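The values are calculated or read from the model by the stated rules, or taken from the named source; none is laboratory data. Please read these numbers as outputs of a predicted model, since none were measured by experiment. Note that each Cβ is placed from the backbone with ideal geometry, even for glycine, and that neighbours are counted across all protein chains shown.
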Amino acid sequence: LRIESELRDAPGNGELLLYYQPKVSLRSGRIVGAEALLRWRHPVRGLVSPGVFIPVAEETGSIMALGNWVIEEACRQIARWRDAGVAMPPVAVNLSARQFDRGLPQRMAAVLERHQVHPGQIMLEITESLLVRGADTVIAIMNELVAMGLALALDDFGTGYSSLAYLKKFPISTLKIDRAFVVGLPHEENDCAIARAIVTMAQQLRQEIVAEGVETMEQMTFLRELGCDQLQGYLFSQPVPAADFERMLRGGQ
Ligand code: G
Ligand code: G
Ligand code: MN
Ligand code: NA
């Protein structure tokens, strides 16, 4: 398939870019984080969504190269912002399970060193599917990353199989409630019950809780009453190019 080879060439061809979406503190209303989201500007197809090409990259093995590009570019951008005197909150990058191998801490250390970025500036977003895969190895890698000063967030929470007892084993500092449960707030009783259970659980585990896909004031009010820490979603901003994110940081606070 052509898309496979095009995807392999995309990093070298300068066709990849990162968009940034703010995470807003419910307490202060300020931007306290950013999620970096990969985009592929294809010469013919236009802007291709990661929902389309990440699964292809995972199947064909090019996810490692793409993932490395994402980590490198996020650190390069953090360094640019630092050099420009922009006060940046931590930037989260999404990791595929395939990237989470024994070499990851070393790769992270090398990129941080190359761009002179403090590990506290980077958060790694992982998904629940990773937790069920060989837990002991995964925990060892996570502990290594956390010992380096990197923070771990569990993305899309609630869509997988993690129970309270299970989650406790992993050094994860942030839970992100999947937008599938946010969309029905505050009218869908099931979504309300799930969101409430996740927040209660996260509080007991002393984890920060971020709600994704927040689009309405009603959802925000409900999540505030639940005790959620941060919100992310179109209510505040879509994912935007770095320059727009910088403008938002300079202007909005
Ligand atoms: O940005 P958008 O909502 O279109 O993203 C679609 C999906 O692609 C989401 O599940 C998101 O987590 C994933 N995604 C976005 N950027 C990256 C990335 O850099 N690496 C990986 N593995 N997934 C990403
Ligand atoms: O899997 P992950 O949670 O990383 O997916 C993030 C995806 O959700 C991105 O594609 C992003 O563009 C999208 N997204 C972010 N905020 C909203 C929102 O408020 N509503 C909807 N429908 N999608 C959103
Ligand atoms: Mn994510
Ligand atoms: Na997410």
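Things worth noting here:
- Residue match in region 178-187 (condition: of a type outside the set (A, V, I, L, M, F, W, C), more than 20 Å from Met217 (Cα to Cα) and within 16 Å of ligand 3 (Cβ to nearest atom)): no
- Verdict on Arg2 being farther than 25 Å from Gly233 by Cα, modelled with pLDDT of 95 or more, among the basic types (Lys, Arg) and out of contact with any Cys (no Cβ under 7 Å at 6 or more places or on another chain): no
- Options Gln219, Gln204; residue that is in contact with a helix residue (DSSP H, G or I) (Cβ under 8 Å, 6 or more places away or on another chain), under 23 Å from Tyr20 (Cβ atoms), among the polar types (S, T, N, Q) and more than 16 Å from ligand 3 (Cβ to nearest atom): Gln219
- Of all residues in region 132-145, those satisfying the criterion of being within 15 Å of Leu95 (Cα to Cα) and either in contact with a strand residue (DSSP E or B) (Cβ under 8 Å, 6 or more places away or on another chain) or of a type in the set (Val, Ile, Thr) (or both) are Val138, Ile141, Met142, Leu145.
- Within region 39-61, considering residues that are more than 20 Å from the chain's Cα centre (by Cα) and farther than 14 Å from Leu17 by Cα, the one surrounded by the most Cβ atoms within 10 Å (Cβ to Cβ): Thr60
- Residue among Ala165, Ala180 that is within 16 Å of ligand 2 (Cβ to nearest atom), exposed (fewer than 15 other Cβ atoms within 10 Å of the Cβ), aliphatic (A, V, I, L, M) and more than 30 Å from Asp83 (Cα to Cα): Ala180
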